[in-house]
Amino acid sequence: MQPLFTAAEMRALDARAIRELGIPGPRLMEAAGAGAARLITRELGPLRGRRVVIVCGKGNNGGDGFVAARHLRAAGARVEAWLVARRAEVQGDAAWAMGRWRGPVREIAAESDLPGLARALAGAHVAVDALLGTGVMGGARGLVAAAIEVINRAAARRPASTGAATRAARARDTAGPVVVALDLPSGLSADRGEIVEPVVRAALTATFAGRKRSLVLHPSAGCAGRVEVVPIGVPEAEIGRGIQTFLLEPDDIRGWLRRRPSDAHKGTYGHLLVVAGSVGRTGAAALAGRAAVRSGVGLCTIATPASQQPIVAALGMEPMTERLPETPRATLARDARAPVLRLAERMDALALGPGLSPDGETQDLVRDLVAELRLPMVVDADGLNALAGRLELVRQAPAPRLLTPHPGEMARLMGMTVPEVQADRIELVRRAAGKAGAWIVLKGAASAIGAPDGRVFVNPTGNAAMATGGSGDVLTGIAGAYLARGMEPLAALLCAVYLHGLAGDVAAAAIGGEGLAAGDIAEAIPRARAALADS
C-alpha cells in the first residue's frame, strides 16, 4: 500500500526528516530535483539538444525546479529557467538551489513579461511546472495564475491523440511542449479532489516522497497525467509513520486471494444468503447472486418475495432460491424476519439490499435484520436507505457490517447533501466508518474504503463505463462471497472493491468504453482474478 499525504502530513514529514533524521533541507531538495530530472530523462529522452523550459515559483517548488534544471542541462538538454517573481524574493533552500543553477534566470515580474514565456514555450519540447507545491491554499493567484494559463495554452497545441508522454516528446517540433509537473500540478490542492482554476494540465507528474491525495482523487487526478513517486532520501519506514490513508496496490489484494487446495469442496468456500428483489427489480437479486458465484462462493441462496421467486430462479441456474412472505405490493414483508433468521442458521454471511424497495414494511425488515442477525453482512441499496439516521443500529450489531453506499446513499446516511459528500470523500468515509463502527466503501471514481479504526484505502481500479445500473449489485455479491468464504471484514471489502473495478477494466477492454452492462462485469470476475494473479 502506498501512503497518501495531505499537505500538512508532507510538511510534518519534511520537518521530521530535517530535525529527527538530520537530513538538511538542501539535501532533500537536491534529491527531489535530481530524481525529477532522471524521471524526465527516462520518460521523455533522449533530451540532448532538445529545449526544456522550467517555470519556477519563488518557494521550495521553484527550488526543486532549479535543481532539475541543472541536472537536465548536464544531460545535454537546452534548458531555460524562468522565475515568476524577482530573484530577490527567493529565500531559504530555494535561494540555495537557484544559486547553484549558475545559468540565466528570466524574471517574470509583470504581465508584460508573459509574452516572452509564451514564445519560449512555443519552441520547447518539454515544459516543467515548478510554480507551486503542496503549500498552495485557495488556488493560484496573480502572476502565478497567469503563468499557469500560458503553460496550458502552449501545451494545448499538442494533439490529444499523441498518447504516452514518451511518444509525445518525439512528436514534431511544431507541437506544444509535454508538460511535467513537480510534486503537484500548480494550482492543485494536495488534499482534495476538486479543481479551483487555473490548474496546470500535466502529462506527467513527479511527486516527491509519496503521493498526495489529489493525485488519486477525481476530478483533480485528471490534471496530473501519469504519476511517478520520486524518492527524496527519507527511509520508507519514516515515510509511512502516522499515515492513515493509503492507495491499494495489486500485492495487497493478492495476499488475501490464495489458490484453492486440491481437496477443496463447495463447503470449504461458504454459503451466502442474498436477501434481495421486489417486483420489477428481480435483476438486482440475480446479479448479486451471479457475482457471488463468479467470486468463488461455495453455495449461494437468494431469498426473495414469493411471487418473484420464479423469475429470480429463471435468471440464474447456479444460485438456489427461497420464497419469503411479501406485501400486497410484491415487496418483502416484515413477516419475512423469522424465515430469514431460520435460513441464516445454516449460512456463513448475508448480502442485503439489492432490488429491495422503499416500502415501509421492507424497511422495517432491513432494520430488524441489521440489528439482530449474528452473521457478517454486506448492506447496499434500499438496505442502506433503511439505515438513514439510524447508524446506531449498525454500531450495535452483533456481527460485522459492510456498507456500500454511492454518494446519494451516503448523503442520506449522514444527513448531508451530495456536494458535501463529494467535497472531501476521504475524510467523510473515515468519519462515517468511525460513527457506524462498520467497514464502508464510498463508491465512485477512486472509491474510498473506511475502517472503524480510522484507516482509509483508495481503490485505483475501475473506469467510467462501470457507471451503469446493477454495477453496485455486482459489488454486493462479490463482498458477500468473500465474507461467506471466511475473510475478515476489511479484507473482504478491499478485495471486493479492487476486483470489482478490475473486472470492469477487463470487461471494458474486451467490449469497449460504451455499452458495458453490469452482467459483463460479473462475467469478467474470474478473468480479473487471473489477471491479478499473473501481474
(request) Report, ordered by the first and then the second residue, all pairs with beta carbons closer than 8 Å, sequence separation of six or more or different chains, a first member in segment 515-535 that is assigned by TED's automatic domain parsing to the domain that holds Thr468, and a second member that is among the polar types (S, T, N, Q). (result) Leu516/Thr468; Ala517/Thr468; Ala518/Thr468; Ala518/Ser471; Ile521/Ser471; Ile525/Ser295
(request) For Ala448, state whether it is closer than 14 Å to Leu248 by Cβ and free of Cβ contacts under 8 Å to residues at least 24 places away in the same chain. (result) yes
(message) Being out of contact with any helix residue (DSSP H, G or I) (no Cβ under 8 Å at 6 or more places or on another chain) and either farther than 21 Å from Ala338 by Cβ or of a type in the set (S, T, N, Q) (or both) narrows it down to one residue among Ser295, Ser307; which is it?
(response) Ser307
(request) Check off (1) free of Cβ contacts under 8 Å to residues at least 24 places away in the same chain; (2) more than 20 Å from Lys212 (Cβ to Cβ) for Arg50 and give me the number that stays unchecked. (result) (1)
(message) Just checking, does segment 408-425 include any residue being crowded, with 23+ Cβ neighbours inside 10 Å and assigned to a loop (DSSP other than H, G, I, E, B)?
(response) no
(message) Of the residues Ala503, Ala492, Ala507, only one is aliphatic (A, V, I, L, M), buried (at least 24 other Cβ atoms within 10 Å of the Cβ) and in contact with an Asp or Glu (Cβ under 7 Å, 6 or more places away or on another chain); which?
(response) Ala507
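Select, from Gly138, Gly133, the only residue that is part of a loop (DSSP other than H, G, I, E, B), touching an Asp or Glu at 6+ places or on another chain (Cβ under 6 Å) and at pLDDT below 95.
Going through Gly138, Gly133 in turn, just one is part of a loop (DSSP other than H, G, I, E, B), touching an Asp or Glu at 6+ places or on another chain (Cβ under 6 Å) and at pLDDT below 95: Gly133.
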(request) Using the structure shown, decide if Gly57 is more than 25 Å from Ile108 (Cα to Cα) and either touching a strand residue (DSSP E or B) at 6+ places or on another chain (Cβ under 7 Å) or not assigned by TED's automatic domain parsing to the domain that holds Asn152 (or both). (result) no
(message) Against the definition (crowded, with 23+ Cβ neighbours inside 10 Å and modelled with pLDDT of 95 or more), how does Thr362 come out, yes or no?
(response) yes
(request) For segment 242-265, state whether one or more residues are in contact with a Leu (Cβ under 8 Å, 6 or more places away or on another chain), free of Cβ contacts under 8 Å to residues at least 60 places away in the same chain and surrounded by fewer than 23 Cβ atoms within 10 Å (Cβ to Cβ). (result) no
(request) Just need a number here: residues in segment 208-258 that are closer than 29 Å to Glu488 by Cα, small (Gly, Ala, Ser) and under 14 Å from the mean Cα position of the chain (by Cα). (result) 0
(request) Count, please, the residues in segment 480-532 that happen to be more than 21 Å from the chain's Cα centre (by Cα) and within 18 Å of Arg258 (Cα to Cα). (result) 12
(request) Answer yes if at least one residue in segment 28-35 is within 35 Å of the chain's Cα centre (by Cα), more than 21 Å from Gly135 (Cβ to Cβ), surrounded by fewer than 24 Cβ atoms within 10 Å (Cβ to Cβ) and in the same structural domain as Asp129 (by TED's automatic domain parsing), and no otherwise. (result) yes
(message) Being of a type in the set (D, E, K, R) and crowded, with 19+ Cβ neighbours inside 10 Å narrows it down to one residue among Arg70, Arg78; which is it?
(response) Arg70
(request) Considering only segment 106-128, state which residues are outside any loop (DSSP other than H, G, I, E, B) and surrounded by fewer than 19 Cβ atoms within 10 Å (Cβ to Cβ). (result) Arg106, Glu107, Glu111, Ser112, Asp113, Leu114, Pro115, Gly116, Ala118, Arg119, Ala122
(request) State whether one or more residues within segment 400-415 are at negative phi and out of contact with any helix residue (DSSP H, G or I) (no Cβ under 8 Å at 6 or more places or on another chain). (result) no
(request) Starting from residues that are in a loop (DSSP other than H, G, I, E, B) and under 34 Å from the mean Cα position of the chain (by Cα), keep the ones in segment 259-274 and report whichever is nearest to Ala285 (Cα to Cα). (result) Gly270
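Can you give me the number of residues within segment 49-60 that are within 15 Å of Gly99 (Cα to Cα) and touching an Asp or Glu at 6+ places or on another chain (Cβ under 7 Å)?
Within segment 49-60, residues that are within 15 Å of Gly99 (Cα to Cα) and touching an Asp or Glu at 6+ places or on another chain (Cβ under 7 Å) number 2.
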(message) Being touching a strand residue (DSSP E or B) at 6+ places or on another chain (Cβ under 7 Å) and within 30 Å of Pro305 (Cα to Cα) is the requirement here; does Asp348 meet it?
(response) yes
(request) State yes or no: is Ala336 under 29 Å from Gly267 (Cβ atoms) and more than 31 Å from the chain's Cα centre (by Cα)? (result) yes
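The values are calculated or read from the model by the stated rules, or taken from the named source; none is laboratory data. Values in this document were obtained by computation on a predicted structure and should not be read as measured data. Cβ sites come from the backbone with ideal geometry, for glycine too, and all protein chains shown count toward neighbours.
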